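Below: the structure, in structure tokens.
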Amino acid sequence: MDSILEADEAEIAKIMSNLPEFSWIKGADPAKIRHEINNTISNVLREYYFENTRMTDTKWTAKFREANITEDDGKAAISCARRLGIDIS
């Protein structure tokens, strides 16, 4: 399983690799991507979700826009994370 990403993991990686903080993820090995999703990226998605639902000020919405990550992309990444069992809310 470590040699191939699940579809939801691949989708999260594709979306998040547009952010400068995660541009390295494009060439990373699946185990490292999986680790990053379960740790750092899940926290970013949680903050992004809270920013858009609870009006917190984490600045991720602006960073997503700057990286051409649409609201639909953000929602898709959150949905993928939830299917992977990551608690977003």
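The values are calculated or read from the model by the stated rules, or taken from the named source; none is laboratory data. Note that the structure is predicted; figures quoted are calculated from it, not measured. Accessible surface areas use protein heavy atoms only, side chains included; no ligands, DNA or RNA. Shrake-Rupley method; radii C 1.70, N 1.55, O 1.52, S 1.80 Å.
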### Query
Using only helices, what value at 222 nm comes out for the chain when you add -39,500 (n - 2.57) per DSSP H run of length 4 or more and divide by the total residues, to the nearest 500 deg cm²/dmol?
-16000 deg cm²/dmol
### Task
Can you tell me the relative contact order of region 4-89? Whole percent, Cα pairs under 8 Å, sequence separation 6 or more.
38 percent
### Query
Accessible area of D73, 1.4 Å probe, to the nearest 10 Å²?
50 Å²
### Query
Put M16, M55 in order of accessible area, largest first, 1.4 Å probe: what do you get?
M55, M16
### Query
In whole Hz, what ³J(HN,Hα) sequence does region 73-80 give by Karplus (6.51, -1.76, 1.60; θ = phi - 60°), x for Gly and Pro?
4, x, 5, 5, 4, 5, 4, 4
### Summary
Partner lysines whose C-alpha sits under 21 Å from that of K32, ignoring same-chain residues fewer than 8 away, are K14
#### Entry: Heavy-atom accessible area per residue - the chain, 1.4 Å, Å²
58 Å²
